[in-house]
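Report on the following structure.
Read-outs throughout are calculated quantities, based only on the coordinates presented, and are distinct from any laboratory measurement. Quick caveat: nothing in here was measured; it's all calculated off a predicted structure. Backbone-built Cβ (ideal geometry, glycine too); neighbour counts: all protein chains shown.
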Amino acid sequence: MRDHEHVSEIDRVLNGFETGRDGLVSQSWRRCVETYGMDPTRPEPAHIVTADQLREHQEQSERLIATARSGLQSLFKQVAGQNYVLLLADAKGICVDFFGDPRFEDELRLAGLYLGSDWSEELAGTCGVGSCLVTGEAVTIHQSDHFGFAHTPLSCTSAPIYDTSGNLAAVLDVSLLRSPSPKSSQNLAMNLVKASVRRVEMANLMAMTRRDWVLRFSTSAEFLEVDPEAAVALDENGTIIGMTHGARECLAPEGRTELIGTRIDMHMDLDVDALPDLMRGRPTEERVLRLRDGRGLFGHAIAPQSARLPRHSETGSVSGPLRGFCGPDPMLRQLMSKLARLAPTQVPLLLLGETGTGKEYLARAIHVLGPADRSFHLVTCSGLNRSQIEGLRSAGAGTLFLKGIEDLDADGQGAVLALLESRDDLRVIASTRQDPVGPQVAQLIRPELYFRLAGAVLPVTPLRHRQDFEWLVDRLLRRSPRNFRLSPAALAELRGREWRGNVRELATALDVAIALSEGSVIDLPDLPPPPLARHIETDPTEDLESLLDACNWNMSVTARRLGVNRSTVLRRVRKAGLLRKT
Ligand SMILES: Nc1ncnc2c1ncn2[C@@H]1O[C@H](COP(=O)(O)OP(=O)(O)OP(=O)(O)O)[C@@H](O)[C@H]1O
């Protein structure tokens with residue numbers, strides 16, 4: 001396009017004619033003439049601020065530049081060899097950081113694609129950085145979209161970087177001195193710039209909010225941990241105190257609601273106490289957030305990186321991921337407070353409980369409460385071979401979870417023992433399923449190994465003895481993105497079942513019911529029938545022992561729960577030869 005054609009198109013647009021330009025470009029041209037008093041026939045050279053002014057701008061954006069730099073570097077690598085120039089401009093439009101090919105330095109400087117150039121719209125006219133600052137949106141200003149004829153060879157794609165309070169703080173721009181003529185040639189550049197900005201904002205939020213919870217979101221479970229779409233920072237009451245720009249699109253898509261200063265439960269069905277359930281360690285597809293408008297997202301909570309969690313643990317108050325394990329069940333609450341004290345120590349723990357009671361869940365929660373950046377090594381003892389254990393000799397420091405140690409054969413026991421002797425940087429947590437009729441684990445494991453594993457022996461209550469059944473049902477139902485509840489009859493039916501498969505069995509039964517239910521209320525016909533295990537003969541001794549454990553060996557409480565008197569309980573305990581475990 002020649003100079004006079006460009007000027008005449010601007011003239012026609014200003015006179016209300018449609019020339020096929022993007023609306024955003026036509027509006028900017030209008031501002032250039034009507035607001036900034038620019039003349040498209042007058043050539044405007046690049047504006048470069050003085051070295052002192054540049055230093056001042058850089059100092060003001062110092063922290064942002066430091067955070068953005070690694071994002072810029074990785075973006076530069078992605079577009080390497082394609083002659084793109086990367087600019088980071090501050091909120092005034094001054095280029096404060098720059099990546100470009102030094103071979104073209106003179107040409108770039110002349111075109112204004114250089115440190116210190118001023119790309120504010122009122123000075124440079126319609127351009128990537130300037131129009132992005134005015135609209136607050138990502139834009140491509142391609143060739144003759146530029147207002148000033150001097151800039152029409154360029155193609156500039158720019159996206160805004162917002163600070164954690166939601167103010168436009170900077171612009172990331174990729175520009176080309178020469179480009180193919182279709183504007184669509186810059187679509188890939190647009191996606192790359194937007195993705196880089198998202199990561200820069202995320203890094204900025206993480207750096208700003210080390211003492212607070214961060215909740216990240218994604219519409220896809222697969223990308224939740226590697227590349228989330230947005231995040232908010234929350235104080236301990238669940239008030240949003242920081243965010244990335246994407247959070248506005250996720251939580252308040254029409255921009256009607258202010259996010260900063262509002263509580264997270266205004267926007268989604270999430271209690272601040274439930275944040276630990278959304279931490280790494282639980283499968284991502286189970287970490288569903290239900291928004292108030294019915295949409296579902298996946299959530300990843302990151303605990304404060306300050307010393308707050310360990311401080312809670314030292315005093316034994318239950319916080320972090322342990323909080324989500326149980327509701328109002330006195331025995332489990334006591335167990336949680338013991339675990340909170342034990343978690344930061346190196347004491348080996350042996351979790352004792354029926355299948356599906358949540359032993360692995362607890363092991364992962366204890367791991368999360370330990371030192372940061374350590375690995376969780378899960379070893380399933382059944383069918384374990386020596387080479388698998390030997391492979392752990394070079395594994396990173398962290399938690400070794402031995403699942404189902406009753407399944408370790410003699411060879412496996414020897415290998416585990418040798419491993420523990422060679423490594424003192426592995427915190428061991430073992431679990432064992434109590435077999436109602438089989439021998440106890442202490443008899444199955446050689447003593448020198450057993451006593452290395454059983455530093456503290458912690459029984460996990462079976463579901464049928466838990467007093468927080470309704471709480472648990474509610475919690476498991478919340479994993480679904482839709483709002484389900486149980487009818488009173490369905491709740492009573494589930495409460496009356498034996499649950500030999502414990503929480504795992506309950507979770508599966510609820511998944512079936514959710515799938516079968518036609519509305520949001522789960523009723524009797526939606527429930528799967530109780531499994532055959534219901535008719536399996538159970539050992540009354542085992543049941544009495546776990547009930548005693550659940551009642552902390554308080555004979556009167558146990559008698560009340562069994563509906564018999566205290567002396568009957570004492571007689572049964574003596575007859576079965578039961579002794580309280582220490
Ligand atoms: N408090 C809880 N809240 C939500 N889900 C839970 C809870 N406790 C357990 N679960 C779920 O129940 C299932 C069984 O838990 P887990 O695997 O920890 O049991 P386990 O005792 O280790 O079982 P096993 O001994 O058979 O290996 C898992 O899917 C787990 O996520």
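Miscellaneous remarks
- Charge dipole (debye, nearest 20) of the chain; +1 at Cβ of Lys and Arg, -1 at Cβ of Asp and Glu: 2840
- Ratio Rg/Rh, restricted to the range 3-196 and using Cα atoms, in which Rh is the Kirkwood radius: 0.95
- Neighbour-count order for R198, R216, fewest beta carbons within 10 angstrom listed first: R198, R216
- Taking θ as phi - 60° and the Karplus parameters 6.51, -1.76 and 1.60, the scalar couplings of the range 125-132 work out to x, 4, 7, x, 4, x, 5, 5 Hz in sequence order, x denoting glycine and proline.
- Amide hydrogen neighbours beyond the local backbone of D97, cut-off 5 Å, H modeled: L88
- Within the straight-line cut-off of under 30 Å between alpha carbons, the lysines reachable from K403 are K338, K359, K581, sequence neighbours fewer than 8 places apart in one chain being disregarded.
- Bridging of K92 to aspartates and glutamates at a Cα separation below 15 Å is possible for E56, E59, E62, D118, E121, E122, D163, D173, once same-chain residues fewer than 8 apart are set aside.
- Of the peptides 76-88, 129-141, the ranking by mean beta-carbon count within 10 Å, highest at the top, reads 129-141, 76-88.
- According to the Cα-based calculation, Rg over Rh for the range 322-461 is 0.95, with Rh computed by the Kirkwood formula.
- √(5λ) per eigenvalue of the Cα gyration tensor, the chain, largest first, Å: 62, 27, 19
- With Cα atoms, 0 to 90° folded angle of helix 62-78 axis to the chain main axis: 90
- Convex hull volume of the range 458-507 per residue (C-alpha atoms, cubic angstrom): 83
- Calculated [θ] (222 nm, deg cm²/dmol) that DSSP helices of n ≥ 4 give over the chain, each run adding -39,500 (n - 2.57): -11000 deg cm²/dmol
- Shape of the range 124-167 from the C-alpha gyration tensor: prolate (a/c of 1.5 or more and a/b above b/c, with a ≥ b ≥ c the square roots of its eigenvalues).
- Ordering of 227-235, 20-28 by burial proxy (mean other Cβ atoms within 10 Å per residue, highest first): 227-235, 20-28
- Spacing of the modelled spin labels on L570 and D409, each 7 Å from Cα toward Cβ, amounts to 4.8 nm.
- For the range 1-99, projected area of the alpha-carbon convex hull averaged over all directions, nm²: 8.9
- Principal-axis tilt of helix 23-34 within the chain, Cα atoms, nearest 10 degrees: 50
- Helix 540-550 vs. the chain, principal-axis angle (Cα, 0 to 90°, nearest 10): 50
- When only alpha carbons are used to place a centre, the range 14-38 and the range 253-282 end up 41 Å from one another.
- Exposure proxy ranking, count of Cβ atoms within 10 Å, fewest first, for W471, W213: W471, W213
- Each residue of the range 105-116 is assigned a 3J(HN,Hα), and the resulting list reads 3, 5, 5, 5, 4, 5, 7, x, 8, 7, 3, x Hz, derived from the Karplus form 6.51 cos²θ - 1.76 cosθ + 1.60 (θ = phi - 60°), x at Gly and Pro.
- Within the range 208-302, all pairs of alpha-carbon atoms sorted by distance into 10 Å bins from zero give the percentages 17, 57, 25, 1.
- Near L486, the amide H atoms lying under 5 Å from its own belong to I522; only residues 5 or more places off or on other chains count, and H is placed 1.01 Å from N.
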